[in-house]
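Trainee: Have a look at this one.
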Amino acid sequence: MALFGRKKIVKPKSPLGLALYDYDHIIAADLKKILDGINSNKKLDARKVSSISKNVDDKFTGILENLSKENLKVDYRSDKIRYLMIDMIGQMKAFLSTAKTEGYDPSKEDKDQGTVAIDKAKEIREIVRTKMKDIESDYI
């Protein structure tokens, strides 16, 4: 029996927290290889990006459906967070679609295509984090 076991991570109860939890899980698990390749300025394999992006796109679409106005009724402050999250997911989907069609090659002139989209999504994620603290969410 281990004295110091792993801390159990519990899924959040609020719908916005759950959507943010799912987003973070997709970024950490599914897109890790792609993002590591971009950070190290390596050329991405088009087949690999294509297979990962199809799976990730389906997951992002599921999150967007859960965040739609028909499926989620929230107050004004939470509504702002919803729109930020939709924009953040849209940035990542746009990056994946361009990486899927063109591939990411750091030797090209527009080598910042991937880093700009990812940096913008990270900035939005930090804004969402502060706003989630303001509404006292169960996941930040």
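The numbers here are math on the coordinates, done by the rules we state, and not lab data. Just so you know, these numbers come straight off a predicted model, no measurement behind them. Positions of Cβ are backbone-derived with ideal geometry, glycine not excepted, and every protein chain shown enters the neighbour counts.
Trainee: Once you put a point 7 Å from the Cα of Lys54 and another 7 Å from the Cα of Lys13, both along the Cβ direction, what distance in nm separates them?
Mentor: Roughly 4.0 nm, to one decimal.
Trainee: Then there's this: Structure shown: which of Lys48/Lys133; Lys42/Lys80; Lys13/Lys48; Lys11/Lys69 lie over 25 Å apart, alpha-carbon to alpha-carbon?
Mentor: Lys48/Lys133; Lys42/Lys80; Lys13/Lys48
Trainee: Which net charge results for the neighbourhood of Lys33, defined as the other residues with beta-carbon distances under 14 angstrom from its beta-carbon, given Lys and Arg at +1 and Asp and Glu at -1?
Mentor: In short, +2.
Trainee: If you don't mind, another one. Extension gain Asp119-Ala28, at 0.36 nm per residue separation less the Cα-Cα distance, in nm?
Mentor: Going from the current span to full extension adds 31.2 nm.
Trainee: Something else about it: For the stretch 62-102, state the average projected area of the convex hull of the C-alpha atoms over all orientations, rounded to one decimal in nm².
Mentor: That works out to 2.9 nm², a quarter of the Cα hull's surface.
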